[in-house]
Every structure is written in structure tokens, then in C-alpha cells.
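Notes to accompany the following structure.
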Amino acid sequence: MKIAVFAYSRQGCRTARQVQPFFPHDEVKLHTIERFCQPGFLTIGHPTKDFYGSMFQWADALIFIGSCGIAVRQIAPHVADKQSDPAVLVIDELGTFVIPLLSGHIGGANDLAKNLAAYLRATAVITTATDINRKFSVDAWAAKNGLLIDNIKNAKAVSATILEHPVPMDCDFPIVTDYPNGVVAGSSGNVGICISYRQKTPFDTTLRLIPRILHLGIGCRRGTKASAIEEAVDLVLNAHGIDRRAIKCAASIDLKADEPGLAQFCQDNHWPVSFFSAQALGKAVGDFTPSQFVAQVTGVDNVCERSALMGASELIVKKTAHNGVTVALAAEHLEVRFG
């Protein structure tokens, strides 16, 4: 993590030094105003709006040692939305209270405040309604477990509803713990949560949580363009109702490692791509769609299905061919846990 700490008095600087060891493996920058600057501290820059704006973009968490008012004034011009804003915390200069001010759930400010308060022997001041009522915080849980929140407006609807009555959850994966407080199993209703890589909306207002667990296996002819691969992949995703944001990575045979179209396609979609030898692909276990021609050319009877299964556990879309491109999808094993 990248941590920016701001202090505005000599005592504040002392408290900032107490905070720093809490982040032994993170990049921590301590800042103070010019007249209190000392070894280990950087000077708060001017104009301050630009300075705090750059810190807001750089840091995963901003910690203000001082009043809430100082923090509010400095971050106000830069606040965008809860899915992208960094965690912002305020600690009084004596280190008595730790207050998460912004991005309590998705940005992790609430958990950070609790842990930092325990470290400083201070009191964490948590104000978010779901937390103080001991209800399930869906956005915090999703962020902690790497699930993409499809619609932040629907996340707010869930958080508001859960304070009134339990919210149903439709989940495509085994749930191996008890449901959290405020959540029950269900597949219909006004407001609900759906955990799936498929584009399904079982509730009138559905908060979709998308796990990035899909591996995309690709085979293609020599010289295939990125646009042709994109067209084939879109065809498969649309035919099976799969959200492309659930794709974690792509894979193919090492003979395709120098294919510019495949490289461009993966780069355009921000998907890391891995290449495997025919020998490695041949060791994949499963019920594959064999091709004698592919075996003669590559040394293995199927490229896309076997590639998709490398690092995954279940083939969910078998080989689909379109204009010289073959596509398959496999999913990693996922179990849902709460608590």
C-alpha cells in the first residue's frame, strides 16, 4: 500500500511517527508544514490544492493527524466516488481517536481504523450505519474478497434495505459458512444480491457481485487480427450470458506467443496472457473436443479448452470456432465465506 500521513503540529508529528511503524511493508510518506519539518518528513507543498490532489491520486490511504475540519477542507475538491476514492482517516494529534472519514467500506478505511486504533491503543470511531447496527456491509465484503461491484447505486440500495429487513442472496457457488447478519438465501424479491459470473438479475433491483475467476483459452490461425479474436470472444460471452469482467486471464499454446493480434487483443482488455507447450497442455485432465488437424499442427489435440483449464478447475464453455478463432472458458474453484 501507499500511505500519506499529514501532521500540522509538533505533537502531530510525534503521533505521525507512532503511526509509521504500523506499516512496515508499505510505502509511507510523512508530511508536515514547513516550520515543523524534521528528518523523515516532507514539506506539504503549495499550492495546497494541487499538492493534496496529487496525494489523493497517489495514495491508497491518507491519514490526517489533526482535526476532521482540516481533512475535509483538503480532500473536498478531489472526492470522486466510493469505488475509486482512497481511504481517508483522521487521528487527533494525541492519538486518542481514529476516525475513518472516506471510503470506509470499499477503500478499507473502517478496517484500517480499527486495526490502527488497536495498535495505538486508541478508540476507533465508526459511523457507517451497517457497521454500528452489526449488519452485513456488502461493499466492504466484496472489496475484501475481490468481487467486482457491478452497480454502486444498487449497493447503496442493499445497504439501506438491510437496515430494515433481511436481504436475499442468490449465489452460484457453494456457501460454506453461515449467512451474515441481514442476509438470507433467496432468488426473488425487490432488492437482493447475486454472486455470479453470468449476467443474471433475479431481483427487481439486483446488486451483482462478479468474481474474476474465468480463464479464457484461445486458438487462432497464423496472422489473425485482434478484431477477429474480439468478435469470437464476444460471440461466446453473449451466447452464454457471461460477463466479460469475470475474465481473469487468457492462455494459448506457445506457438502463438508471437502472434501480434492475440497480444493486442489481450492488451486491449488488460488481461495477462500465458503460453504453454504442447507437452504441458497434453497433461490437462478433462473431456476435450479433439481435432486431428490441430494435433498435426501443434502436437496436441485441442488448444483452447486445454489452455483454459491451465490453472482453472472446470470447463464451463467448450470449444467454439468462429472465423479461424477457437474459444473456450474455464472457471477457478470458488467457495463463498462470510465472517
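General observations
- Between the stretch 148-193 and the stretch 25-47, the Cα center-to-center distance that results, in Å: 43 Å
- Here's the picture: charge each Lys and Arg Cβ at +1 and each Asp and Glu Cβ at -1 in the chain, and of I106, N323, F275 the one pushed furthest to the positive end of that dipole is I106.
- Per-residue HN-Hα couplings for the stretch 312-318 [Karplus 6.51, -1.76, 1.60; θ = phi - 60°; Hz; x = Gly/Pro]: 10, 10, 9, 7, 9, 9, 6
- Extending 7 Å from Cα along the Cβ direction at F173 and again at F97 yields two label points whose distance is 3.8 nm.
- Proximal lysines relative to K2, as straight alpha-carbon distance under 19 Å, when same-chain residues fewer than 8 apart are discounted: K29, K82, K114, K144
- Between amide H atoms placed 1.01 Å from N, distances below 5 Å from N181 occur with F136, all of them 5 or more places distant or on a separate chain.
- Each Lys or Arg adds one and each Asp or Glu takes one away; over the other residues whose Cβ falls under 10 Å from the Cβ of G182, this sums to +1.
- Range in the chain, longest, excluding exposed GluC sites (Glu not before Pro) [loop by DSSP; at most 15 other beta-carbon atoms within 10 Å]: 165-331
- Between the alpha-carbon centres of the stretch 62-115 and the stretch 309-335 there is a gap of 42 Å.
- Cross-link partners of K225 among aspartates and glutamates (Cα-Cα below 16 Å; sequence separation of 8 or more within a chain): D234, D258, E259, D268
- Distant-in-sequence amide H partners of I316 (H built 1.01 Å from N, under 5 Å): L329, A330, A331
- Rolling a 1.4 Å probe over the protein chains gives T298 an accessible area of about 30 Å².
- Per-peptide packing, taken as the mean over residues of other Cβ atoms within 10 Å, places 151-158, 185-192 in the sequence 151-158, 185-192 from highest down.
- Applying a DSSP loop filter and a limit of 14 other Cβ atoms within 10 Å to the trypsin sites (Lys or Arg not before Pro) in the stretch 278-339 leaves K283, R337.
- Label-point separation, N145 to S187 (7 Å along Cα→Cβ), nm: 1.9 nm
- The HN-Hα couplings worked out from phi for the stretch 117-129 by the Karplus form 6.51 cos²θ - 1.76 cosθ + 1.60 (θ = phi - 60°) are 4, 4, 5, 8, 6, 10, 10, 7, 10, 9, 10, 5, 4 Hz, whole numbers, x standing for Gly and Pro.
- Using a probe of 1.4 Å on the protein chains alone, the accessible area found for L315 is around 40 Å².
- Measuring r between the beta carbons of K114 and N323 and using R0 = 41 Å, the FRET efficiency lands at 0.15.
- Taking a straight line from the alpha carbon of K200, these lysines sit under 22 Å away, with near neighbours fewer than eight places off in the same chain left out: K153, K156, K248, K318.
- Considering only the stretch 238-334, percent of DSSP beta bridges that pair antiparallel, nearest 5: 60 percent
- Bridges between two residues of the chain, per DSSP, are antiparallel at a rate of about 35%.
- The 3J(HN,Hα) values that the Karplus relation (6.51, -1.76, 1.60; θ = phi - 60°) gives for the stretch 10-17 are, in residue order, 5, 5, x, 5, 5, 5, 4, 5 Hz. Gly and Pro appear as x.
- In nm, spacing of pseudo-spin labels at Q11 and R212 (7 Å Cα→C-beta vector): 4.4 nm
The values are calculated or read from the model by the stated rules, or taken from the named source; none is laboratory data. In this text the structure is predicted, and so the values were computed from the model without any measurement. So basically every Cβ, Gly included, is an ideal-geometry build from the backbone, and we count neighbours across all protein chains shown. Accessible surface is based on the protein model in full, side chains and every heavy atom, while ligands, DNA and RNA are left aside. Shrake-Rupley method; radii C 1.70, N 1.55, O 1.52, S 1.80 Å.
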